[in-house]
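Data block below; observations after.
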Amino acid sequence: MVLLAGQYNGGNNGALGLTKTQAEQHGIAGPTLYKALSRLIVNRLIDVTYPASRTPPRPTMYAITWRPINDTRWTSASRTPARIFKWPT
């Protein structure tokens, strides 16, 4: 969660990616990464916004659910995240 949310810059929600290589650089093994991502999705802390692709190569893109999704190359602001968690006002 920290590695995904740490990429958020206020204008890129929906275009947050995390590859196995990136996770391993932080000491997270591949199976642990995939299990954690699955749990975050099930618990509605993140949404999948764009699937992974080999051509062109790109990781699965995610959005954190407590912030609005932004217009990016992979997402449209018209899509609404799960928003089960609300950011404090």
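Summary table below
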| read-out | value |
| --- | --- |
| Residue under evaluation K35, criteria (1) of a type in the set (K, R); (2) surrounded by 14 or more Cβ atoms within 10 Å (Cβ to Cβ); (3) modelled with pLDDT of 95 or more, criterion not met | (2) |
| Every residue from the range 54-71 that is of a type in the set (S, T, N, Q) and modelled with pLDDT of 85 or more | T60, T65, N70 |
| Residues within the range 38-58 that are surrounded by 13 or more Cβ atoms within 10 Å (Cβ to Cβ) and assigned to a loop (DSSP other than H, G, I, E, B), tallied | 3 |
| Leading residue by the ranking (farthest from Y50 (Cα to Cα)) among those in the range 11-37 that are part of a loop (DSSP other than H, G, I, E, B) and under 14 Å from the mean Cα position of the chain (by Cα) | G11 |
| Residues satisfying the stated conditions in the range 11-25, i.e. without any contact (Cβ under 8 Å) to a residue 40 or more places away in the chain and surrounded by fewer than 11 Cβ atoms within 10 Å (Cβ to Cβ) | T21, Q25 |
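The values are calculated or read from the model by the stated rules, or taken from the named source; none is laboratory data. As the structure is a prediction and not an experimental result, all values here were calculated from the model. Because the Cβ atoms are built from the backbone with ideal geometry, glycine has one as well, and the counts that use them run over all protein chains shown.
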